[in-house]
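Read through the structure below, which is laid out as structure tokens, and then see the notes.
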Amino acid sequence: MSAEVVVNVPVQARLLEKRRESPDTFTLTLESPPSISGGKFFFAPGQFNMLGVPGLGEVPISISGDPANPKKLVHTVRAVGNITEAITATHPGACLTVRGPFGAGWPVDQTRTGSKEIIVVAGGVGLPPLRPAIYHFLANPALYPVVTLLYGARNPLDLVFKRELEQWTKRSRMRVEITVDRAGSSGWLGRVGVVTNLIGQVKFNPDRVTALVCGPEIMLRYTLMELEKRGVGPANIYVSMERNMQCGTRFCGHCQWGPYFICKDGPVFRYDHIKDWFSLQEI
Amino acid sequence: MEALPLDEKINDLKVVLKVEDFQQLLDALIRRDYQVVGPTLKEGAVVYDSLTRVSQLPAGWTDEQQAGHYSLKKRSDQAYFGYGVGPQSWKKFLFPPRITLWKQKSPGEAPEPAELPQDAPRYAFLGVRACELKAITLQDQVFLTGPFIDPIYQARREKVFIVAVNCGQAGANCFCASVGSGPQVTQGYDLALTEVTAAPEAYFLVEVGSQAGQTLLNEVTHRPATGKEVAEARQVVERAASEMSKSLATADLKDFLYTNYENPYWAEVAGRCLACANCTLVCPTCFCTSPEDVSDLTGQVTEHRRRWDSCFSLDFSYLHGGSVRPSRQSRYRQWLTHKLGTWQDQFGEIGCVGCGRCITWCPVGIDLTTEIRALRQAAATLTAGTETNPKSDER
Ligand SMILES: Cc1cc2nc3c(=O)[nH]c(=O)nc-3n(C[C@H](O)[C@H](O)[C@H](O)COP(=O)(O)OP(=O)(O)OC[C@H]3O[C@@H](n4cnc5c(N)ncnc54)[C@H](O)[C@@H]3O)c2cc1C
Ligand code: SF4
Ligand code: SF4
């Protein structure tokens, strides 16, 4: 977003559909509101909105829908606390508030001219923020001929987008590898182990690949280590960062991370730009 | 502030306003529908509040400031501006401590802004010091340079009329000269006053900084200044500059802080810091906030407010599962490194104007200029013999 936009006030968006993804995670389809700058709503893969419940508050939630279909605004929300619980408890027909979209997204333009291979690494609810980029890659085979998705969750129940994962596995040209930390008694027949293990197991050309990574911070750390071990250069790795965020417009100060405001300079960063900060604790 | 470019003539214009005609300046501002705010005494301190009479100014008073100490005492003269900056800054007007951003009249209705720009208060600030003018320009960068613009700040800022005052004395915690923000007022004002008390008759030397300032001055009795008066006024500011004993070496500060996240001395400061957040609240440039969402008893009407917050609180960096900065050490480090280091990458200069408020109002008297010096010393001790020592501070 380069134009200067004077804005403080959210718009309302009606909830059209709610789908349960896992015991605590729901995908919400909203009717697309006008964009923050007034016109039609559009977004870049990796951007987020401040989703709100009147009287309760707003939280940053990535857009998980298809950028080619901006008429529907799709978010996937895991209920972890007050606001996310209220958001996921909202019934279709009721309204949520929306401000956005905010932030710098995935490198869907840069990769066009660069590498020919894409590897997407997602942990838990790290997959929803990556889904718009996946849609974009799959819709543009000439630009992105080789796409790999490595996805891990704590247990089989926690995997989101199960139906779509199956479709992608069976019917798309994307290579999909899924793993869970613990299979439990679910009858899971797939891989068991952390997602970072997969990085050493799948075939890709480290000189031609661009990696997109999203998940819990601990998973990011190990993923980055493994990717570097495989010889992927930090300039070809993109990560989505998470910090407390209260406004989305770089005023509240909460999302500062070293010199960066994650809401404006991120949430997606090129790894070589943030490598030094990534190694520091409690910043 | 009117943004009209000034011709040389206005810029050079220096006139004398007699003390007995000072009230005319307030009257002219009030006639123009300004809400005049300026220094006045309250609860043992100089604070900024609404004024209609010059008699409400703390004439004849001065302050004594030390690390963790502030007190008022009588002056030997009746100077209107013979004290330093108090606990408050002008940010409380341009960037209110608590404000409602939007309202929703009922669950089905669209949220509406709680204040329209045209309804924002029209302030005239009386007695803005050089460091405070600089602090306003630093907050301008935060709120007005995009990608998003804060309409609350913008509406107030566009309307404000600024009467600046040159400092005639430096407080014990002032270090504006070393960070280049004072004590001389150089730009960003409509009118600038220098109070000359030593002469047989006290007077203000007035400089005009904008078309709006010129227009207002035309309604106030004044006369051209003589060369002697201009020289006397210059001495007033020179005295303040020469009195200043504190300093902060800024040249390599960002690089120093960026390479000193692991400096063991942070733990030492953290041992004294109470994480009370006083420093961030008194600082004229700190801008962090948190939202507050409220609803009326019926749950129908809801409001989204924002209030000043501080990076010293544990909640500030809360992420599901815990705070990102659980230790006090990491929070003090965040504050100081932001103010003096990362602010430079964010906004192009340091975020400190050398007003000394955070030193005076720290209950345990933590002084950032001393802490930076101690950090440098600790770093030098660590690297002694292996690398070139970081340049030591002056003093
Ligand atoms: C850029 C970005 C994108 C995100 N995308 C998604 C997404 O697509 N789906 C999803 O389920 N979650 C996402 N999150 C995380 C989500 O914002 C938090 O789970 C949510 O803020 C928790 O709020 P709560 O009130 O329910 O939880 P509580 O634990 O009660 O949190 C209290 C408050 O702390 C803050 N907070 C707590 N955890 C986080 C966090 N992880 N990030 C930011 N602020 C936090 C919030 O202000 C919150 O209101 C994203 C976070 C960021 C920063
Ligand atoms: S950091 Fe301290 S000295 Fe610097 S501007 Fe803020 S309050 Fe004033
Ligand atoms: S430095 Fe002083 S004023 Fe600031 S939080 Fe610590 S004790 Fe409070």
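The values are calculated or read from the model by the stated rules, or taken from the named source; none is laboratory data. All of these numbers come straight from a predicted model, not from anything done at the bench. With ideal geometry, Cβ positions are generated from the backbone for all residues, glycine too; neighbour counts draw on all protein chains shown. For the accessible areas, the whole protein counts, side chains as well, though only heavy atoms, and no ligand, DNA or RNA atoms are used. Shrake-Rupley method; radii C 1.70, N 1.55, O 1.52, S 1.80 Å.
Values computed for the structure shown
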{"quantity": "Qualifying residues in segment A:228-247 (those that are within 8 Å of another protein chain (Cβ to nearest Cβ) and touching a residue at least 12 places away in the same chain (Cβ under 8 Å)) - the one most open to solvent (accessible area, probe 1.4 Å)", "calculated": "A:242"}
{"quantity": "Single match in B:185, B:179, B:230 (criterion: touching a helix residue (DSSP H, G or I) at 6+ places or on another chain (Cβ under 8 Å) and either within 30 Å of residue B:369 (Cα to Cα) or touching a residue at least 24 places away in the same chain (Cβ under 8 Å) (or both))", "calculated": "B:185"}
{"quantity": "Residues satisfying the stated conditions in segment A:248-275, i.e. more than 20 Å from residue B:341 (Cα to Cα) and either facing chain B (nearest Cβ under 7 Å) or acidic (Asp, Glu) (or both)", "calculated": "A:249, A:272"}
{"quantity": "Members of segment A:248-272 found to be part of a strand (DSSP E or B), under 28 Å from residue B:332 (Cβ atoms) and open to solvent by less than 20 Å² (accessible area, probe 1.4 Å), listed by number", "calculated": "A:256, A:257, A:261, A:267, A:269"}
{"quantity": "Residue in segment B:285-295 that is nearest to residue A:218 (Cα to Cα), counting only those that are within 9 Å of chain A (Cβ to nearest Cβ) and in a loop (DSSP other than H, G, I, E, B)", "calculated": "B:288"}
{"quantity": "Residue in segment B:297-304 that is more than 7 Å from chain A (Cβ to nearest Cβ) and over 25 Å from residue A:85 (Cα atoms) present", "calculated": "no"}
{"quantity": "Residue list for segment B:298-316, filter: surrounded by fewer than 22 Cβ atoms within 10 Å (Cβ to Cβ) and assigned to a helix (DSSP H, G or I)", "calculated": "B:315"}
{"quantity": "Options B:219, B:207, B:195; residue that is under 26 Å from residue B:246 (Cα atoms) and among the charged types (D, E, K, R)", "calculated": "B:195"}
{"quantity": "Residue selected from segment B:241-262 under the condition touching a helix residue (DSSP H, G or I) at 6+ places or on another chain (Cβ under 9 Å) and within 12 Å of chain A (Cβ to nearest Cβ), by the criterion farthest from ligand 2 (Cβ to nearest atom)", "calculated": "B:259"}
{"quantity": "Scan of segment B:317-335 for residues that are polar (S, T, N, Q) and open to solvent by 10 Å² or more (accessible area, probe 1.4 Å), ordered by number", "calculated": "B:323, B:327, B:329, B:334"}
{"quantity": "Within segment A:53-122, strands (runs of 3 or more DSSP E) holding 1 or more residues that are away from chain B (no Cβ under 14 Å)", "calculated": "A:57-62, A:72-78"}
{"quantity": "Residue within segment B:337-351 that is within 14 Å of residue B:268 (Cβ to Cβ), open to solvent by less than 20 Å² (accessible area, probe 1.4 Å) and within 13 Å of ligand 3 (Cβ to nearest atom) present", "calculated": "no"}
{"quantity": "Cβ pairs under 7 Å, 6+ apart, first in segment B:357-380 and more than 13 Å from residue B:260 (Cβ to Cβ) and part of a helix (DSSP H, G or I), second open to solvent by 10 Å² or more (accessible area, probe 1.4 Å) and aromatic (Phe, Trp, Tyr)", "calculated": "B:360/B:70"}
{"quantity": "Residue B:230 being away from chain A (no Cβ under 14 Å), in a helix (DSSP H, G or I), in contact with a Ser or Thr (Cβ under 7 Å, 6 or more places away or on another chain) and open to solvent by less than 50 Å² (accessible area, probe 1.4 Å)", "calculated": "no"}
{"quantity": "Matching option when the condition is under 30 Å from residue A:90 (Cα atoms) and surrounded by fewer than 21 Cβ atoms within 10 Å (Cβ to Cβ), among B:18, B:105, B:73", "calculated": "B:105"}
{"quantity": "Considering residues of segment A:8-52 that are open to solvent by 60 Å² or more (accessible area, probe 1.4 Å) and in a loop (DSSP other than H, G, I, E, B) only, the residue modelled with the highest pLDDT", "calculated": "A:23"}
{"quantity": "Hits in segment B:318-332 - residues which are away from ligand 3 (no atom under 15 Å from the Cβ) and of a type outside the set (Phe, Trp, Tyr)", "calculated": "B:319, B:320, B:321, B:322, B:323, B:324, B:326"}
{"quantity": "Selection within segment B:80-110 - of a type in the set (A, V, I, L, M) and within 14 Å of chain A (Cβ to nearest Cβ)", "calculated": "B:94, B:99, B:101, B:110"}
{"quantity": "Segment A:6-27: number of residues that are among the hydroxyl-bearing types (Ser, Thr, Tyr) and in contact with a Lys or Arg (Cβ under 6 Å, 6 or more places away or on another chain)", "calculated": "2"}
{"quantity": "Considering residues of segment B:111-139 that are assigned to a helix (DSSP H, G or I) and open to solvent by less than 30 Å² (accessible area, probe 1.4 Å) only, the residue nearest to the other protein chains (Cβ to nearest Cβ)", "calculated": "B:139"}
{"quantity": "Filtered residue count, segment B:261-281, keeping only those that are part of a helix (DSSP H, G or I) and either over 27 Å from the mean Cα position of the chain (by Cα) or not assigned by TED's automatic domain parsing to the domain that holds residue B:329 (or both)", "calculated": "4"}
{"quantity": "Qualifying residue in segment B:247-268 (condition: within 16 Å of ligand 3 (Cβ to nearest atom), under 30 Å from residue B:338 (Cβ atoms) and open to solvent by 60 Å² or more (accessible area, probe 1.4 Å))", "calculated": "yes"}
{"quantity": "Answer from B:316, B:287 - the residue that is within 16 Å of ligand 1 (Cβ to nearest atom) and either of a type in the set (Val, Ile, Thr) or under 11 Å from residue A:254 (Cα atoms) (or both)", "calculated": "B:316"}
{"quantity": "Helices (runs of 4 or more DSSP H) (entirely within segment B:1-109) containing at least 3 residues that are at pLDDT below 95", "calculated": "B:8-12"}
{"quantity": "Qualifying residue in segment B:168-178 (condition: in a helix (DSSP H, G or I) and either in contact with a strand residue (DSSP E or B) (Cβ under 6 Å, 6 or more places away or on another chain) or open to solvent by 20 Å² or more (accessible area, probe 1.4 Å) (or both))", "calculated": "yes"}
{"quantity": "Given (1) within 16 Å of ligand 3 (Cβ to nearest atom); (2) closer than 29 Å to residue B:164 by Cβ, number of the condition residue B:306 does not satisfy", "calculated": "(1)"}
